[in-house]
Amino acid sequence: MITQTVKPAAGDTAARIAALNRGDRVFHVVLAQQFDRERIEQLCRLAEMVRRVAATRHGTQFLNTLLSYRRAMLYFIQPSTRTFLSFTAACQVLGMPYNSVRERSTSSEIKGESEDDTVRVLSQYFHLIIIRHPAEGMAERTAHLLNEMPRTIPVINGGSGKDQHPTQALLDVYTLFRCFAPQRDEHVDPEYGGNPFAGRTVAFVGDLQRGRTVRSLAYLLCRYPGVRLLFISPPQLQIGDDILEYVRRHDIEYELGDDLRARVGDCDAIYMTRLQDEWDVAGESKSIDYNRYALTWDMAKDFKPDLAILHPLPRRHELDQRLDALPQAKYWEQVRNGMWMRAALIAFIFNVDNAIRDHFHSYYAY
Amino acid sequence: MITQTVKPAAGDTAARIAALNRGDRVFHVVLAQQFDRERIEQLCRLAEMVRRVAATRHGTQFLNTLLSYRRAMLYFIQPSTRTFLSFTAACQVLGMPYNSVRERSTSSEIKGESEDDTVRVLSQYFHLIIIRHPAEGMAERTAHLLNEMPRTIPVINGGSGKDQHPTQALLDVYTLFRCFAPQRDEHVDPEYGGNPFAGRTVAFVGDLQRGRTVRSLAYLLCRYPGVRLLFISPPQLQIGDDILEYVRRHDIEYELGDDLRARVGDCDAIYMTRLQDEWDVAGESKSIDYNRYALTWDMAKDFKPDLAILHPLPRRHELDQRLDALPQAKYWEQVRNGMWMRAALIAFIFNVDNAIRDHFHSYYAY
Amino acid sequence: MITQTVKPAAGDTAARIAALNRGDRVFHVVLAQQFDRERIEQLCRLAEMVRRVAATRHGTQFLNTLLSYRRAMLYFIQPSTRTFLSFTAACQVLGMPYNSVRERSTSSEIKGESEDDTVRVLSQYFHLIIIRHPAEGMAERTAHLLNEMPRTIPVINGGSGKDQHPTQALLDVYTLFRCFAPQRDEHVDPEYGGNPFAGRTVAFVGDLQRGRTVRSLAYLLCRYPGVRLLFISPPQLQIGDDILEYVRRHDIEYELGDDLRARVGDCDAIYMTRLQDEWDVAGESKSIDYNRYALTWDMAKDFKPDLAILHPLPRRHELDQRLDALPQAKYWEQVRNGMWMRAALIAFIFNVDNAIRDHFHSYYAY
């Protein structure tokens, strides 16, 4: 097996984003920073419409026809079940056939082939590549490889390296929007917009250094002035300086800490994460008392009534199962939101988002 | 990998069944004992209609639209190809998209997650979980877990532990119905009903202790007074006392034996099974002369003309390949019946069985 | 795991072909030699129509309905990703549901089962078996097994042993047709026919002894009088005598050599292959200087302007990546052609080729 050490592209983020989507051939989704507030909210509204349209049999059958003429490849070299199933369910919602490659080693044909060639071959059969890969920057590299092919197709980053997981960040923001700006009437145009994040305290708890979902979500929340970020973690696993620098640059108020219990009552949202010890090089996590970064049953008495508890899952012991029964537990809904958001994103990439809006307005809105 | 020791629910069977399907939210298929005679025959008639409707291109395309708006998850942790493909083919017959998890160990995400959480996550993406699992009682536990979620979805037991395999039992009964009460006119409403089992001798042969298909089928046959059951096996692999107790309680005539050759001529159906030595703890099967429990070519001269030979497959040497050419060999049809019965069951669970009946009557029956 | 030593059927090729497709029940695709010139060109024209129809959303949706009422099984026991994805994409183009078995060892059910029984079981659930297998002759054996079942379904050889890979040969010929007889007007009936191969020099380069794609393509090219074949390889890896005998019998001019550099300028097509060292028994390839059989950047100055470079992929170092940018590089198109040709072949097998022709003529041709 050939694994290349793929480095993130050089240059600042703005230059990298500009280089990705040159002209208007295709829209690659690689970095959370690609999404400005307008795009985020457009996608949240679209996700909400997909959800509501899918609530009826008639609507589901409409969605099922939307992308039956395109095919997706899930190139998931890094083991994953949750994200994989979320994307496949999103494809199924849109009636988009897909196939997958889950392991490089299963194929003797692939053995001895460069990963670049694998991507080139895949681009011949499919109209979209969704990539999940252990190498940082691999999604970005793939986008550039595809841009060089005569027949360019879009790529979606389904998580690469320790760096980025932009679709998780989108679904997290969508979940927060639904919590902070709930909409009661299912028949009215969803109005995710404005800034319901202003004045809200969002705490990130746990292994913030290696949790790429936290990193990607922090980028998106910086679009919302007035939000306050709390980073609560063991000192050796605090959030990266690059993120803090980004947060400061956007004038977002933040605080570092390591005492979850003391701050629980201040939070409007708590984003729990597990210890990512699979990235340990020399067992360095073993010395950490991770119990101090667990949300426990006895903390529930301090919860705000409309607190939103999120978790990208899987959970271990940092999130007490007894909390599942509370209205503040939003992590199962968060899972499901991933499916709707990914369907919305794919619909957007293939320019069928207008068809969804039209359908929604014809049948539901007034 | 976390494997829990899941115990079957406490309480008698009636209480367990009542606990499973409370209210009328969803219909979980967990135990063979859930199926009374009326339900069995309703499903056999429905399976027969699916088969006949699927015989035309027009009918197949009708079926293909039925469940395109639902998605199934095949959570098949215990290795299986045959049952897996049977269920996927059934989903395809109904146009129902599906996905699968075949191994817990393939996913680093899942590592460290409780299996309960896995089930909870799956319930967010899918509308049906079909579970096959090495742990006894896991399907039942899953049904209860799902009943506790705000969005309950049904579960089908695709084989769990050594205990139960209810869909195999349903397809076996369907196969026997087709043998004992064959219907010549494909255009007439299938009339599986009555009691064609009365006065018939059904022999179970082989490893009856560990063959869960035998256990499940025995439960169903007890619905038919007048059937005679023969359990022919090595003494140390005889059918469990719990089954015999059930048989007696239902006033079904039965006999234990170990001489297949002597009884072949008495049988109306012979249900062959292989030696399930993968359950051996200390190689205890090695001392058994399993050849004595094989159906051989030279026995064919004693077969009744309308004998039905069944086998849940895979076979080894206990069923001579030369018998395949005889009209008494029903095991390939039995395989195919599994697809029709599972399609019927899924259609029933999602309340599209009436649509199938309507279609059948409009086009075929008079 | 039981692996049988399956021998190719006895008898000459004509007898083998005649034995395969007796009566007109089903059309098995097992050997490249089954395809005469008329059939090859019919399939090339059909592949071209599929490609053009699939270029519009409307056309794709038409194709998507064609085989929604049939199901394919990809029984791919020999590891493969490229051919697997090509066939699945072809199925998706035609809207044909499929499933796959990729490893015999994943299934405890299958353990202890003969591979013949596995095929028999698969034939109960599916309408087509596409088989890829390490054992030479396995596709042929499967065809005969299926012919013996009451419900016969067709088989397609997706590569078996070192012997044959007929669908690869078909896509290679299709690619050469598109290079040698390009057609500019997408709206006119594709006219692959005649003999654009006459007077053309096609070089096969590399490991010709063990490259089954070369063997299968050589059979097809012998249908075209006037083509010249160059076999350029290390002496110990030259093309088999059986192929040379076949070539001579068809009065095709050929030449054996080992100096690629000297002959590059004479070629109208160069078919590169990698060293197939996975078939080595005792590392015999290690002594070969395979660099002498590589197409390098400095050779490009000698290329004919309309040279076609093909490669069945994966490539290693025998084909310089910098050549990708040249118009002579046809190997990515060749990958894509595989999808169209396989879709055409499956459409032909299920007698929906006329529907494609009708659609094409109604919408595109004049």
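To keep it simple, each residue is scored yes or no on (1) charged (D, E, K, R); (2) outside any loop (DSSP other than H, G, I, E, B); (3) not assigned by TED's automatic domain parsing to the domain that holds B:Leu229.
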site: B:Arg120; (1), (2), (3): yes, yes, yes
site: B:Ser123; (1), (2), (3): no, yes, yes
site: B:Ile131; (1), (2), (3): no, yes, yes
site: B:Thr142; (1), (2), (3): no, yes, yes
site: B:Leu145; (1), (2), (3): no, yes, yes
site: B:Pro150; (1), (2), (3): no, no, yes
site: B:Asn157; (1), (2), (3): no, yes, yes
site: B:Tyr174; (1), (2), (3): no, yes, no
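C:His361 meets each of the listed conditions (1) in a helix (DSSP H, G or I); (2) touching a strand residue (DSSP E or B) at 6+ places or on another chain (Cβ under 7 Å) apart from (2). Of the residues in segment A:105-114, not one is closer than 30 Å to A:Val247 by Cβ, acidic (Asp, Glu) and either surrounded by fewer than 18 Cβ atoms within 10 Å (Cβ to Cβ) or within 14 Å of chain C (Cβ to nearest Cβ) (or both).
Is at least one residue of segment C:37-56 touching a Lys or Arg at 6+ places or on another chain (Cβ under 8 Å), within 12 Å of chain A (Cβ to nearest Cβ) and either surrounded by fewer than 20 Cβ atoms within 10 Å (Cβ to Cβ) or not hydrophobic (A, V, I, L, M, F, W, C) (or both)? Among the residues of segment C:37-56, not one is touching a Lys or Arg at 6+ places or on another chain (Cβ under 8 Å), within 12 Å of chain A (Cβ to nearest Cβ) and either surrounded by fewer than 20 Cβ atoms within 10 Å (Cβ to Cβ) or not hydrophobic (A, V, I, L, M, F, W, C) (or both), which makes the answer no. Looking at the structure I just gave you, is A:Leu275 in contact with an Asp or Glu (Cβ under 6 Å, 6 or more places away or on another chain) and either under 30 Å from B:Val119 (Cα atoms) or of a type in the set (Asp, Glu) (or both)? Answer is yes for this residue.
If we scan segment A:293-312, do we find a residue that is within 13 Å of chain B (Cβ to nearest Cβ) and assigned to a loop (DSSP other than H, G, I, E, B)? Looking through segment A:293-312, at least one residue is within 13 Å of chain B (Cβ to nearest Cβ) and assigned to a loop (DSSP other than H, G, I, E, B). Of the residues making up segment B:205-250, just one is surrounded by fewer than 21 Cβ atoms within 10 Å (Cβ to Cβ) and on the phi > 0 side of the Ramachandran plot, namely B:Gly226.
Of all the criteria given as (1) assigned to a helix (DSSP H, G or I); (2) in the same structural domain as A:Gly211 (by TED's automatic domain parsing), the one not satisfied by A:Arg342 is (2).
Among the residues of segment B:164-195, just one is small (Gly, Ala, Ser) and touching a Lys or Arg at 6+ places or on another chain (Cβ under 8 Å), namely B:Gly193.
Against the list (1) farther than 22 Å from B:Val155 by Cα; (2) charged (D, E, K, R); (3) in contact (Cβ under 8 Å) with a residue 24 or more places away in the chain, the condition B:Asp324 fails is (3).
Scanning segment C:262-274 for residues that are farther than 27 Å from A:Leu122 by Cα, within 14 Å of chain A (Cβ to nearest Cβ) and at pLDDT below 95 turns up nothing. Restricting segment B:210-266 to residues that are among the small types (Gly, Ala, Ser) and not in a loop (DSSP other than H, G, I, E, B), the residue that is nearest to B:Gln328 (Cα to Cα) is B:Gly265.
For segment A:322-357, the set of residues classified as of a type outside the set (A, V, I, L, M) and closer than 19 Å to B:Leu145 by Cα consists of A:Arg322, A:Asp324, A:Pro327, A:Lys330, A:Tyr331, A:Trp332, A:Glu333, A:Gln334, A:Arg336, listed by residue number. Any residue at all in segment C:327-343 that is surrounded by fewer than 16 Cβ atoms within 10 Å (Cβ to Cβ), more than 14 Å from every other protein chain (Cβ to nearest Cβ) and under 19 Å from C:Tyr271 (Cβ atoms)? Looking for residues that are surrounded by fewer than 16 Cβ atoms within 10 Å (Cβ to Cβ), more than 14 Å from every other protein chain (Cβ to nearest Cβ) and under 19 Å from C:Tyr271 (Cβ atoms), one finds none in segment C:327-343, hence no.
Whenever a residue of segment B:117-140 is closer than 22 Å to B:His165 by Cα, its partners that are part of a loop (DSSP other than H, G, I, E, B) and acidic (Asp, Glu), lying with C-beta atoms within less than 6 angstrom and at least six residues away or across chains, give the pairs B:Glu136/B:Asp163.
Please verify whether A:Ile77 is aliphatic (A, V, I, L, M) and either closer than 26 Å to C:Gly95 by Cβ or not assigned by TED's automatic domain parsing to the domain that holds A:Ala55 (or both), treating the condition exactly as stated. Judged against the criteria, A:Ile77 is not a match.
Here B:Leu122 does not qualify as within 24 Å of the chain's Cα centre (by Cα) and more than 8 Å from every other protein chain (Cβ to nearest Cβ).
Determine, yes or no, whether C:Leu67 is hydrophobic (A, V, I, L, M, F, W, C), part of a loop (DSSP other than H, G, I, E, B), crowded, with 23+ Cβ neighbours inside 10 Å and not assigned by TED's automatic domain parsing to the domain that holds C:Pro312. When the stated conditions are applied, C:Leu67 passes them. Of all the residues in segment A:134-179, those that are farther than 22 Å from A:Gln33 by Cβ, of a type outside the set (Val, Ile, Thr) and surrounded by 17 or more Cβ atoms within 10 Å (Cβ to Cβ) number 2. Of all the listed residues (A:Asp324, A:Asp306, A:Asp289, A:Asp358), the sole one being of a type in the set (Asp, Glu) and either buried (at least 18 other Cβ atoms within 10 Å of the Cβ) or in the same structural domain as A:Ser160 (by TED's automatic domain parsing) (or both) is A:Asp358. When segment B:70-104 is limited to residues that are among the basic types (Lys, Arg) and assigned to a helix (DSSP H, G or I), the one that is nearest to the chain's Cα centre (by Cα) turns out to be B:Arg82.
If the condition is being basic (Lys, Arg) and more than 22 Å from C:Ser216 (Cβ to Cβ), then segment C:131-160 contributes only C:Arg151.
Checked against (1) at pLDDT 95 or above; (2) surrounded by fewer than 14 Cβ atoms within 10 Å (Cβ to Cβ), A:Ile346 meets all criteria but (2).
No other residue among A:Asp185, A:Asp207 is more than 20 Å from A:Ala90 (Cα to Cα), charged (D, E, K, R), in a loop (DSSP other than H, G, I, E, B) and away from every other protein chain (no Cβ under 14 Å) apart from A:Asp185.
The values are calculated or read from the model by the stated rules, or taken from the named source; none is laboratory data. Because the structure is a prediction, the values reported are computed rather than measured. When we count neighbours, we look across all protein chains shown, and the Cβ atoms used for this are built from the backbone with ideal geometry, even at glycine.
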